[in-house]
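Note sheet for the following structure.
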Amino acid sequence: MSHAATDGRMDADAIKGMALMIGAAFVMPSLDAVAKLLSVTLSPGQIGFMRFGLQTLVLAIALPAFGRAIVTPAVRAAFPRLALAGAFMTTATLSFFWGLQQLPLANAIVLIFVAPLFLTLYGALFLGEKVGPHRYGAVAVGFLGALIVIRPNFLMFGYAALLPLIAAACFAALMATVRSIRHSIDGLRTQLVSGGIATFFFAVALLVAIPFHVPPLTLDWPSIEVLPLILLLGLLGTIGQAMLTFAARFAEASLIAPFQYVEIVAATVLGYLIFSEFPDPLTWLGAAIILAAGLYTIHRERKRALLRKPSVPLG
């Protein structure tokens, strides 16, 4: 993994990592915009199934083509955690796509950025990480920002306004699970296996829900007109996740994480151009508070990492 050069300049790997993260910050909201377009005719569960099904298919073909085995001893040993990651991935995606079906694009994506704050709490509760008063304060401030975003949305859209927050909590649980196996399995294998498990869970949920007519899990045959959007959904999902994986490989998480907030800008532009949506002042205020809390949490995490590795120079 790359570090900044000792003379204060970023090395080539760090620059690659930041560039990939910025690229992913444009690709992932594009994926969400496609999912929102598809939600007019397809259920969130069906969109989630196609999103991970296509991604799994692409990776299952690509990895062996590059001479990389899919199932390794490390994968078998970590399978219970990969299955748990797949379950969190399924719940997070279903909640988020269901929220996208009803909420403006940018409003939903803003709330996803509460995930790092949930991750801080999970680290303290379940991973034995030490969290001081500064980071607890940042978490409290960040959740205050989330409440500012949720309140007007709740008045307009009802309980749908809470769905992205549920997605953020599940996504943070996914990240915590993946964090516990990141030293034994590379990102692409993790992505493939957990995505394949998520595809299975979506398929089971859709089939079980057929007789009960559950709105987010209805199953309909896609029309020919939406097939290009479905293929684009799978393509963007695969590219975006791969960019995130390689970004983390080239540079430290604390260095590239702030660039993920570019997603808010990209989502705002896409929401305006495609859906004629623009966040209201309260959403911008809440977003600014969430962003500030998230960046402060990243800053404190970076300081802790540097204290654990005093020989690593500041970047």
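The values are calculated or read from the model by the stated rules, or taken from the named source; none is laboratory data. Just so it is clear, the structure is predicted and the values come from calculations on it, not from any experiment. When we count neighbours, we look across all protein chains shown, and the Cβ atoms used for this are built from the backbone with ideal geometry, even at glycine. Remember, those area values only see protein heavy atoms, side chains included, never the ligands or the DNA or RNA. Shrake-Rupley method; radii C 1.70, N 1.55, O 1.52, S 1.80 Å.
Quick look at the numbers
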{"read-out": "Residue pairs meeting the criteria (Cβ under 6 Å; at least 6 apart or on separate chains; first farther than 15 Å from residue 284 by Cβ and touching a residue at least 60 places away in the same chain (Cβ under 8 Å), in the range 133-153; second hydroxyl-bearing (Ser, Thr, Tyr) and assigned to a helix (DSSP H, G or I))", "value": "135/120; 135/297; 138/296; 138/297; 139/120"}
{"read-out": "Breaking point among (1) open to solvent by 10 Å² or more (accessible area, probe 1.4 Å); (2) within 26 Å of residue 222 (Cβ to Cβ); (3) not acidic (Asp, Glu), for residue 69", "value": "(2)"}
{"read-out": "Count of the range 156-202 residues which are open to solvent by less than 20 Å² (accessible area, probe 1.4 Å), outside any helix (DSSP H, G or I) and either of a type in the set (Gly, Ala, Ser) or at pLDDT 95 or above (or both)", "value": "0"}
{"read-out": "Extreme residue, most open to solvent (accessible area, probe 1.4 Å), among residues of the range 128-144 that are under 12 Å from residue 294 (Cα atoms), over 19 Å from the mean Cα position of the chain (by Cα) and among the small types (Gly, Ala, Ser)", "value": "140"}
{"read-out": "Selected residue (criterion: nearest to the chain's Cα centre (by Cα)) from residues of the range 223-236 that are open to solvent by less than 70 Å² (accessible area, probe 1.4 Å) and closer than 12 Å to residue 40 by Cβ", "value": "229"}
{"read-out": "Residues within the range 284-294 that are more than 19 Å from the chain's Cα centre (by Cα) and modelled with pLDDT under 90, tallied", "value": "0"}
{"read-out": "Test result for residue 87, over 22 Å from residue 225 (Cβ atoms), at pLDDT below 95 and open to solvent by less than 70 Å² (accessible area, probe 1.4 Å)", "value": "no"}
{"read-out": "Test: residue in the range 208-216 that is surrounded by fewer than 17 Cβ atoms within 10 Å (Cβ to Cβ), in a helix (DSSP H, G or I), modelled with pLDDT under 90 and of a type outside the set (Phe, Trp, Tyr)", "value": "no"}
{"read-out": "Scan of the range 301-315 for residues that are open to solvent by 60 Å² or more (accessible area, probe 1.4 Å) and modelled with pLDDT of 70 or more, ordered by number", "value": "303"}
{"read-out": "Selection within the range 157-198 - farther than 19 Å from residue 240 by Cβ and either touching a strand residue (DSSP E or B) at 6+ places or on another chain (Cβ under 6 Å) or aromatic (Phe, Trp, Tyr) (or both)", "value": "157, 159"}
{"read-out": "The range 256-287: number of residues that are open to solvent by 30 Å² or more (accessible area, probe 1.4 Å) and in a helix (DSSP H, G or I)", "value": "15"}
{"read-out": "Odd one out for residue 116 among (1) at pLDDT below 90; (2) over 18 Å from residue 264 (Cα atoms); (3) open to solvent by 30 Å² or more (accessible area, probe 1.4 Å)", "value": "(2)"}
{"read-out": "Residue 109 vs. criteria closer than 28 Å to residue 280 by Cα and either surrounded by 16 or more Cβ atoms within 10 Å (Cβ to Cβ) or of a type in the set (A, V, I, L, M, F, W, C) (or both)", "value": "yes"}
{"read-out": "Helices (runs of 4 or more DSSP H) wholly inside the range 33-152 containing at least 2 residues that are more than 27 Å from residue 236 (Cα to Cα)", "value": "73-77, 115-126"}
{"read-out": "Subset of the range 244-255 [open to solvent by 40 Å² or more (accessible area, probe 1.4 Å) and in contact (Cβ under 8 Å) with a residue 60 or more places away in the chain]", "value": "244, 246, 248, 249, 250"}
{"read-out": "Any hit, the range 54-61, residues being within 17 Å of the chain's Cα centre (by Cα) and crowded, with 19+ Cβ neighbours inside 10 Å", "value": "yes"}
